[in-house]
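Heads up: the structure comes next, in structure tokens.
Here, each number is a calculation from the coordinates, and none is a lab measurement. This structure is a prediction, so every number in the text was calculated from the model and none was measured. Cβ placement follows ideal geometry from the backbone for every residue including glycine, while neighbour counts extend to all protein chains displayed.
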Amino acid sequence: MPASPSSSADAARLALAARLRDLRLDAELTGRELAARAGWSHSKVSRIENARTAPAPDDIREWARTCGANGQAEELVAALRAVEGMWIEWRRMERTGLRKAQEFVRPLYERTRAHRVYDSWLVPGLLQTMGYTSVILHATRRRRGLIDDVETAVAERMDRQHVLYEGRRTFAFLLEEAVLRAGIGGREVMVEQLRHLLTVGFLPNVSLGIVPMQPDRSAMRPVEDFWIFDTAQVAVELVSGYLTITQLHEIEMYGQVFRELGTLAVYGDQARARIREAIAVLR
């Protein structure tokens, strides 16, 4: 398993490796003795214990059996699955198309009660129009060479927006002003999208902030797009994959960045004025 771009994934990998090492030590086995009993090379045991190689589920089960800890095997396998889920490459998530990737995140959106979202380049999915989503997903499909299931993927993303209107959920969106002027899909698509922002911004459970473009952003520069789901996890979409952050101190770091960016934003009438200005430029 390749090293994750986040210390959350790295920390989880190291924690799992430490638990396996503790099992061996509790069994009073050396690395060479465990390897001999399991029929492995000593280097395999060393790589697993030092988190240089990810064990397979069957490796973990054999490790636990050899150490006389069969009762812990499935718990450790579950921990392995959790580690693997922290960093998922797009090619793995989208191997059967874009619709599956949209379905993958739906349960997370539905169980979250407090959403905090920052986007520096695109309108977030929950605020997108069908036309805007279609343009983005068609471009994604072409770039990644995927099967053409864009129509059903768009439908899934649109259906996910029910969370805006159902249940007791709150949404705080922060968008860089550049998002309003990105030109996604051309004039017609962008005008429709911007008008939709004016509408959804009036929802009582939605806070929409626009971070104005300004000549000096030295104090708080734009950062990568991220979603904070309650206080449980952060999702970051990178070029190569989908990152899930679960370390509490890292979640708080993103929360702090969100608060600091929020102090730069304008809201209410001022935010709507920025959106209307962007619409006027497109006409």
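Quick look at the numbers
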{"item": "Förster-model FRET efficiency, 22 Å R0, Ala232 and Glu84, C-beta, rounded to 0.05", "result": "0.75"}
{"item": "Helical mean residue ellipticity (222 nm; -39500 (n - 2.57) per DSSP H run of 4+; nearest 500) of the chain", "result": "-16500 deg cm²/dmol"}
{"item": "Karplus-derived HN-Hα couplings along the range 171-179 (A = 6.51, B = -1.76, C = 1.60, θ = phi - 60°), whole Hz, x at Gly and Pro", "result": "9, 10, 10, 10, 10, 5, 4, 4, 4"}
{"item": "Whole-Hz ³J(HN,Hα) from phi, Karplus 6.51 cos²θ - 1.76 cosθ + 1.60, for the range 190-198, glycine and proline x", "result": "5, 4, 4, 5, 5, 5, 5, 4, 4"}
{"item": "Kirkwood Rh and Cα Rg combined as Rg/Rh, the chain", "result": "1.07"}
{"item": "Added length on full extension, which subtracts the Cα-Cα distance from 0.36 nm per residue, Glu151 to Asp26", "result": "39.5 nm"}
{"item": "Antiparallel %, DSSP beta bridges [both residues in the chain], to 5", "result": "55"}
{"item": "Ranked packing of 138-150, 226-238, most packed first, by mean Cβ within 10 Å", "result": "226-238, 138-150"}
{"item": "Amide H partners (placed H, <5 Å) of Leu208, local residues excluded", "result": "Phe173, Gly268"}
{"item": "Extension gain (nm, one decimal) between Met213 and Asp269, 0.36 nm per residue minus Cα-Cα", "result": "18.5 nm"}
{"item": "Table column - 3J(HN,Hα) (Hz), the range 145-150, Karplus curve with 6.51, -1.76, 1.60, x for Gly and Pro", "result": "x, 9, 5, 8, 10, 4"}
{"item": "About the Cα centre, charge dipole magnitude for the chain (Lys/Arg +1, Asp/Glu -1 at Cβ), debye", "result": "400"}
{"item": "Residue of Arg13, Arg92, Arg116 that the Gaussian network model of the chain assigns the largest fluctuation, springs spanning Cα pairs under 10 Å", "result": "Arg92"}
